[in-house]
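Structure, as structure tokens:
The values are calculated or read from the model by the stated rules, or taken from the named source; none is laboratory data. Remember, it's a predicted structure, so these values are computed and weren't measured experimentally. Heads up, the Cβs are rebuilt from the backbone with ideal geometry, glycines too, and the neighbour counts pull from every protein chain shown.
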Amino acid sequence: MRKIGFFGLLSALLLTLTTSCTSSESKISELTIYSGRTEEYIAPYFAIWQRESGIKLNIRYGDSAELAAQILEEGKNSPADLFISQDAGSLGAVAEQGLLTPLPKDVAEGVPAKYIQGNREWVGLTARVRVFAYAPDRVKVLPTSFTDLSKPIYKDQVAIAPTNASFQAFLTAVISNKGLPFAEDWLRKVKANGVKIYPKNSAIVEAIDKGEVSIGLVNHYYVWEVAEALGRPINVKNGYFKANDLGNLINVSGVGILASSDKKAKAEDFINFLTSERIQSRFVSDIHEYSLLENIPIPEDLPPLSDLGAPNIDLEVLKNTKKTQDLLIKVGLL
Amino acid sequence: MQLTKIPSTTGSLNSSISRGNTYRAIVLTLVFVVITLTLIPIFYLFMRAFQKPISEIGALLFRPKTLEVVLTTSLLVVAVVALTALVGILIATGLHFVKLPFRSTFLILLVIPLAIPSYVFTYTWIALLPSFTGFLAAVFILFLTTLPYVILASLAGLRRVDGSQIEVARSFGFNNAQIFFKVVLPQIRGHISGGVLLVGLYTMSDFGAVSLLNVDTLTVTIQNMYRASYDRNAAAVISLLLVFLSALFVITDERFKSKNLLNKTTKTTGTKLYTISSKPYQITLISVFVVNTLVAVAVPVYVLLTRFINNPVAIDWRSIATASISTVVVAFFGAVIALVLSIPIGVLLSEKPTRYSRFTNRVILIGHALPGVVVGLALVSFGSKLGFIYQTTFLLAFAYALLFLAKSVASMSGSLAKVPEGAKEVAATLGMNKWAVLKNVVTPIAAPGIALGTTLVFLTAMKELPATLMLRPTGFETLATQIWSSAAISRFNEAAPYALVLLIIAAVPTFILSRPDRVDKALTTQEVRG
């Protein structure tokens, strides 16, 4: 009996503890963010904001697509105020269900219009380029187009991450430019060519460094991220396909405010903070991403975006991830 | 139920019947409530899956990839079950019959891998052998992770083996092998099948090891579909396939077990322990123990320690302390909820089996194979509609309770069944009502076994990852989520301190479970009744 009393007491205690933690409607002293950007690379800027604004940030880290699925599942009951995503697709999926709110004109003023979604439901934060990462000593003939990856010389040497949002964005671009049959054919050929599947970009870069594979489709900044994490130089370089190849797609990370948020004004301030010149230049120097603001220099050791001959990104196109995912399921890559 | 047969010395027969009926009605109502709660994830899956047109469901189920994945999963389960059963039974039999030095130390070393989550196990092996990947690697890791279940369950069975039969067999000139196959094995079958059931269901639901080793099982596919596609319907269809497969496994296991239930009640003289002291047996066993300790304990601990020492990043002790407290509190809370939920089920199952109780037991067992991601998503869907409990530690603890209810139910029903009917009847004749009997007679006898079952839920909950990621309060980190956030091998150094702390904390309940004097009680923990 005494035990039951103890358990009861404990449960009651825990309940009050948890409810007091989560349901505190205390007048805008905190914002809740679902962040698809990895903690290590974005937490420092969150810390700056907390220090300067005095507003606490509750941050839920996860995969962009995973968090998008969670927001879709939560619907109007989502506790999140902001959603930061690694790609346009996840934001598009959430926006399509009417779960993001249009941003006023004075939010993210410096960001060029082409990086803002049509209804202003989300804005771009940084740009990243799709590249092929490769081991320079093992890849003698560099591919000039993503379609080369189904060639016999790359048999069993290519890595992709089909669950990764950036890979899906690239595939979405392929589908919209070349048609669904072309994309399906390419995927099947690549699969037949012994493509290796990894859960994410960083795992691909690690696998190249370890010698498991020689070449992989990733975002440009992972070569730095993995080297920094390992604390040593790695045997992996970035390569670019020929001009205008879809393999050089430029994608954006972005942020939107949830329609269900009751702290929209503060959330807008936060977006202005992230798109300010000060923070944008930090993104460039610290994590090697391209800023969307026009007057901020490009990352060191990287070509200007305009030199990549990258196909123009159209945010409206990249949001059509449903077809992409159905295709990946159909060919058995998901 | 023989409630109506209970003679009442004080009240009339009528009032006794009505009292018995009230008791039964309350038990059945509570069972209904618990079953409903357990079915939340499966209900969610049906709801989601059938938002897809039937033709698409068919296409999804019959695409080559799905068949491939079902095959991989089945092969993995068969391989892991066969290996753990073979090795586990041999080790347990050796421990039981062969005179060995340091017996209790070996037992602890054999059971301690229970404290290591499968993803940590896998990380450490990959860190050691970078080319460690693929199906065989997954069999190896899952074998090491689940072996303790079979060892504990078999040991429990061996404790109850009828010693007089062994003596008789020996006097007829049977050799050791013949005695083992003809006398011992048939008697411990029920226990083995209980252990094997846990191994199989765990293998089906594991995500950490298989995903790191690039093996596409159903759980990995479900997780990938969910992670990568915003429409959760495809993932739900595949989840239902997993539910179906686990139902198949549960029923097969029941068949295996029910072939031999003869000695259920024939507990007579136990065997004398340590009856064999031949050198070849001792040397073989000790080498097996040493090898197991090397690959299942020494390797993970060595890798974690070296990573911990070589970690270039400053260790954030505060974050480790917070994560430790969070882990322990939520897991404990989850174990308590599982305990409470398993009471009515355990009461029902400890009585004479009926159609209802068999159905109830199957539902609980099948639920045990649901991967964390499914339970997590179902509770995100329902929880977010309830608002106030969403993303609270309560909902997370509740998820643990649902995920590991089978473990708690098994120990509950096993322990309750150990209470002799006679004792209950005597108490009833003395005028105690059902509740008083429960409190004064049943609880004291059953409590130790139940406590160990709860310990097992606590231990498993501490290691849980996918549901934790989805349901934890925002900003709330457990040791498991911290380890996972440094998921890439390149950052494994940073995960090492968290993994070490988790190992140390989880070793405490594991130690309790493997204490030799407790093994006899822990057995009921492992015995999943059919």
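List of remarks:
- Pick from segment B:452-473, criterion within 13 Å of another protein chain (Cβ to nearest Cβ), hydrophobic (A, V, I, L, M, F, W, C) and surrounded by fewer than 24 Cβ atoms within 10 Å (Cβ to Cβ), ranking: farthest from residue B:114 (Cα to Cα): B:469
Results for (1) over 21 Å from the mean Cα position of the chain (by Cα); (2) modelled with pLDDT under 95; (3) within 13 Å of chain A (Cβ to nearest Cβ), shown as yes or no for each residue.
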position: B:386; (1), (2), (3): yes, yes, yes
position: B:398; (1), (2), (3): no, no, yes
position: B:409; (1), (2), (3): no, yes, no
position: B:415; (1), (2), (3): no, yes, no
position: B:419; (1), (2), (3): yes, yes, no
position: B:425; (1), (2), (3): yes, yes, no
position: B:428; (1), (2), (3): yes, yes, no
position: B:433; (1), (2), (3): yes, yes, no
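- Residue in segment A:145-153 that is touching a Ser or Thr at 6+ places or on another chain (Cβ under 7 Å), among the hydroxyl-bearing types (Ser, Thr, Tyr) and at negative phi present: no
Here's the yes/no breakdown for (1) under 30 Å from residue A:326 (Cα atoms); (2) at pLDDT 85 or above:
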site	(1), (2)
B:155	no, yes
B:158	no, yes
B:162	no, no
B:179	no, yes
B:186	no, yes
B:196	no, yes
B:207	yes, yes
B:217	yes, yes
B:228	yes, no
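- Enumeration of residues in segment A:31-58 that are surrounded by fewer than 18 Cβ atoms within 10 Å (Cβ to Cβ), within 12 Å of chain B (Cβ to nearest Cβ) and touching a Ser or Thr at 6+ places or on another chain (Cβ under 8 Å): A:39, A:56
- Options B:79, B:49; residue that is over 30 Å from residue B:150 (Cβ atoms), aliphatic (A, V, I, L, M) and out of contact with any Cys (no Cβ under 9 Å at 6 or more places or on another chain): B:49
- Residue satisfying all of: in segment B:62-72; within 12 Å of chain A (Cβ to nearest Cβ) and aliphatic (A, V, I, L, M); farthest from residue B:137 (Cα to Cα) among these: B:67
- Qualifying positions in segment A:242-256 - part of a loop (DSSP other than H, G, I, E, B), hydrophobic (A, V, I, L, M, F, W, C) and either modelled with pLDDT of 95 or more or farther than 20 Å from residue A:202 by Cα (or both): A:243
- Taken together, A:208, A:153, A:197, A:175 contain a single residue that is in contact (Cβ under 8 Å) with a residue 60 or more places away in the chain, of a type in the set (A, V, I, L, M, F, W, C) and more than 14 Å from every other protein chain (Cβ to nearest Cβ), which is A:175.
- Taken over segment A:288-334, the criterion of being out of contact with any Ser or Thr (no Cβ under 7 Å at 6 or more places or on another chain), within 11 Å of chain B (Cβ to nearest Cβ), modelled with pLDDT under 85 and assigned to a helix (DSSP H, G or I) is satisfied by A:322 alone.
- Where helices (runs of 4 or more DSSP H) fall wholly inside segment B:163-214, the ranges with 2 or more residues that are under 28 Å from residue B:486 (Cα atoms) are B:185-205, B:208-212.
- Residue, farthest from the other protein chains (Cβ to nearest Cβ), within segment B:305-353, restricted to residues that are small (Gly, Ala, Ser) and over 23 Å from residue B:123 (Cβ atoms): B:350
- Taken as a whole, the condition of being under 25 Å from residue A:170 (Cβ atoms) and in contact with a strand residue (DSSP E or B) (Cβ under 7 Å, 6 or more places away or on another chain) does not apply to residue A:303.
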